[in-house]
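For reference, the structure discussed in these notes is given below.
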Amino acid sequence: MTGAFFDRVLMVDWSSGNDTGPRPRKDAIWLGESTAQGDAAPLYLRNRVVAEALLGDRISAALAAGERLMLGFDFPFAYPRGFGRTLSGSADPLAVWAWLEARLEDAPKRNTRFALAGEVNRRFPGIGPFWFNGGKADVPDLPRRDTRTGHGMPERRVVERAAKGSFTCWQMGGAGAVGGQVMTGLPVLHRLRARFPGQVAVWPFEPLDRPIAFVEIWPSLLRGVVAEALAEGGIKDAHQVRLTARALARLAPERLAAMLDVSAPEEGWILGLGFEDELQAAARAG
């Protein structure tokens, strides 16, 4: 695999919730940063506006310095097979990114992810595929509970069937609300990619022949080493991004290349799935 080596690794723990305030806390946005030489302290980012601005600055700095930068995000980069064609008319997952970005309204203290999920549901038969409304008012075509039927979509991507304990992208709120993270995260990635045309490659949909790479991660692949760190105190989200960044930054280029050698052109993949022991060993090595 060409271009598997990166000078700097940034890992992001995302959140679809509202601004979480000035004091660092769990269930918020966290950024971990590592190079082969060392780790930066995890950064707490109180909302998506702050996070997007910071990520844009980090990409600009990497390009100015001539660095290759890997950016990882802990939410799916695509939906199960068939979703994109029904939604946007194209099987290209990046077309779904553009579709969502054009329609989601997002601000630090509110966003329209529930209403947008209902709008998407209206494009499918039956009830669903999205579910869960965390607001007080009902949302047209978005069931509060998992009463979905006849929508025609697989419940999980191939990678999620292999990643035991992972959540599906259809749940919009509550414990394991990956759906909300996807719907608020992909528009940000679309804007960052558009801001730096020709500089960003999205794995595994595009060849990694550009200086910036976006990859999908799942920090639970490092659950053992994260639990060890958490036993000493601190915030789980912060440990997750710190240790994931460290592991990927410390890997030998040929081992990272092996993890990146994946073909999943419509659904995407979780970087490092199947290499959990190797990732945890790299994180422990410090």
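The values are calculated or read from the model by the stated rules, or taken from the named source; none is laboratory data. Every value quoted in this text rests on a predicted model; they were computed, and no experiment measured them. No Cβ is skipped: glycine too gets one built from the backbone with ideal geometry, and neighbour counts run over all protein chains shown. In case anyone asks, the SASA skips ligands and DNA or RNA and just uses the protein heavy atoms, side chains included. Shrake-Rupley method; radii C 1.70, N 1.55, O 1.52, S 1.80 Å.
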What percentages, rounded to whole numbers, describe P(r) for the range 3-42 computed over all alpha carbon pairs with 5 Å bin width beginning at zero?
6, 19, 24, 17, 14, 10, 6, 2
Say the dipole of the chain comes from +1 at the beta carbon of Lys and Arg and -1 at that of Asp and Glu; which of Pro143, Ala229, Met183 then lies farthest toward its positive end?
Pro143
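When the accessible area of the range 16-65 is split by element with a 1.4 Å probe, what percent falls to carbon and sulfur?
Values: 1300 of 2430 Å².
That share works out to 53 percent.
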Heavy-atom accessible area ranking, 1.4 Å probe, most first, across Glu206, Glu278
Glu278, Glu206
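Over all distinct alpha-carbon pairs, what is the Kirkwood Rh of the range 125-180 in angstrom?
Details: mean 1/r = 0.0842 Å⁻¹.
By the Kirkwood definition, the hydrodynamic radius is 11.9 Å.
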Cα-Cα separations in the range 1-109 greater than 22 Å, expressed as whole percent:
46
Quick check: the distance between the Cα centres of the range 150-164 and the range 188-235, to the nearest angstrom?
21
Three principal axis lengths of the chain [C-alpha, angstrom, descending]:
52, 39, 35
Label point 7 Å beyond Cα of Ala41 along Cβ direction - residues of the range 233-276 with amide nitrogen under 15 Å
234-235, 238-239, 242
Based on alpha-carbon positions alone, could you give the equivalent ellipsoid semi-axes of the range 101-257 from the gyration tensor, as √(5λ), descending, whole Å?
30, 21, 17
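Mind checking the range 88-142 for trypsin sites (Lys or Arg not before Pro) that DSSP puts in a loop (not H, G, I, E or B) and that have at most 14 other Cβ atoms within 10 Å? Intermediate results must be reported in sequence, preceding the final value.
Details: sites: Arg103, Lys109, Arg110, Arg113, Arg122, Arg123, Lys136; in loops: Lys109, Arg122, Arg123, Lys136.
Answer in residue order: Lys109, Arg122, Arg123, Lys136.
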Whole angstrom only: what separates the Cα centroid of the range 90-130 from the Cα centroid of the range 1-75?
24
Percent accessible area from carbon and sulfur atoms, the range 84-136, protein chains only, probe 1.4 Å:
50
Averaged per residue, what accessible area in Å² does the range 137-211 show with a 1.4 Å probe, protein chains only?
44
Can you tell me the Rg and the Dmax, both Å, for the Cα atoms in the range 147-231?
16.0, 45
Rolling a 1.4 angstrom probe over the protein heavy atoms, how many square angstrom per residue are accessible across the range 1-113?
43
